[in-house]
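All remarks here apply to the structure that follows.
The values are calculated or read from the model by the stated rules, or taken from the named source; none is laboratory data. Values in this document were obtained by computation on a predicted structure and should not be read as measured data. For neighbour counting, all protein chains shown are included, and Cβ atoms are generated from backbone atoms with ideal geometry for every residue, glycine included.
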Amino acid sequence: MNRQVSEKNKNIIMAWAGAALWAAGLFLLSSLSPASEEAMSASAVRLVEWAASLLFGGPFSHSTQAVVMELFRAVLQMLGFGVLALMIWNALRIMGVLDHQAMVLGAAGAVLYAVTDELHQVFVPGRGPRVIDWALDCLGALLAIALLLACRWARRKFPRLFNRETVSYVVFGVLTTLVNMAVYGLCYNVLGIHNLISNALAWVAAVLFAYVVNKLFVFRSHTRTAHALAWEFGLFIAARLFSFGMDELGMGLLVNLLHVNGGVSKVLTNIVVMVMNYFFSKWIIFKRDESPERPAE
């Protein structure tokens, strides 16, 4: 019993320490001079512009750069205070506060901290408190709690659709898509390789990445023999070859026939492919419902 209490106290201290460090980081960011903030935002915009050029084949215009910079600042503010609200909620939850009360207090704590964060900028040369910044901070905290509530509701309402497996599949599916798109953009827009060949190379890189993360983290498949592993990998390759054929068909139709932008086409086809691959993986490749090799959830 004492060990459990000690472990709980340790978790409480770590949770509040993490929230305090995050709040301190927000404080330091808001204490930067306007010139330093401008330089950081410009660096971030250049990174986004490089990624967009890699995929869509063209740099931002000056007007687009200005819009992206403002969006980056707004998103960064909302994200920072959204994470703070969730960290406060988590610390209160560990302490034993009722979940809904912890959510309200988490949002309230982030909103109150946003007030002090804005007011202290009176003492920062070249800066000052702005109502719009405080509003963005509050919006980020409220959206984070709203997203948490939506996730809780979806998990209760649709437990078979909204669970660890499906959420992790979406997360790693997005990462797989980014690998696919990055390799495609590198080959097509930078190296000048033919559209369909670039798409094929992107597919190979994405399939290798997807097999590892799906096996280890999403479906948690355990194969005890080399034969079982080879069979599983073969099924995975076969399913991905089928979805690759659909991907190639879609890219050929959109890019070569309809002359749609390669990056936009890649996004559209990858959405279809990701949904298709989930059903292949769930019901055929990594299905282990009656196998003793699969650990219980």
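Tyr278 meets all of the listed conditions (1) outside any helix (DSSP H, G or I); (2) touching a helix residue (DSSP H, G or I) at 6+ places or on another chain (Cβ under 7 Å) but one, namely (1).
Set side by side, the residues Arg160, Arg152, Arg156 differ, and just one is basic (Lys, Arg) and closer than 30 Å to Ala23 by Cβ, which is Arg152.
Residue by residue, here is whether (1) surrounded by fewer than 20 Cβ atoms within 10 Å (Cβ to Cβ); (2) touching a residue at least 24 places away in the same chain (Cβ under 8 Å); (3) of a type in the set (S, T, N, Q) holds:
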position: Leu249; (1), (2), (3): yes, no, no
position: Leu254; (1), (2), (3): yes, no, no
position: Leu258; (1), (2), (3): yes, no, no
position: Asn261; (1), (2), (3): yes, yes, yes
position: Asn270; (1), (2), (3): no, yes, yes
position: Val275; (1), (2), (3): yes, no, no
position: Trp283; (1), (2), (3): yes, no, no
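Here Ala114 qualifies as surrounded by 15 or more Cβ atoms within 10 Å (Cβ to Cβ), within 28 Å of the chain's Cα centre (by Cα) and over 23 Å from Asn9 (Cα atoms). Does segment 219-226 contain at least one residue that is aliphatic (A, V, I, L, M) and in contact (Cβ under 8 Å) with a residue 60 or more places away in the chain? Scanning segment 219-226 turns up no residue that is aliphatic (A, V, I, L, M) and in contact (Cβ under 8 Å) with a residue 60 or more places away in the chain. The residues on offer are Ala206, Ala230, and the sole one that is small (Gly, Ala, Ser), assigned to a helix (DSSP H, G or I) and under 20 Å from the mean Cα position of the chain (by Cα) is Ala206.
Among the residues of segment 142-165, the one identified as part of a helix (DSSP H, G or I), surrounded by 16 or more Cβ atoms within 10 Å (Cβ to Cβ) and at pLDDT below 85 is Glu165.
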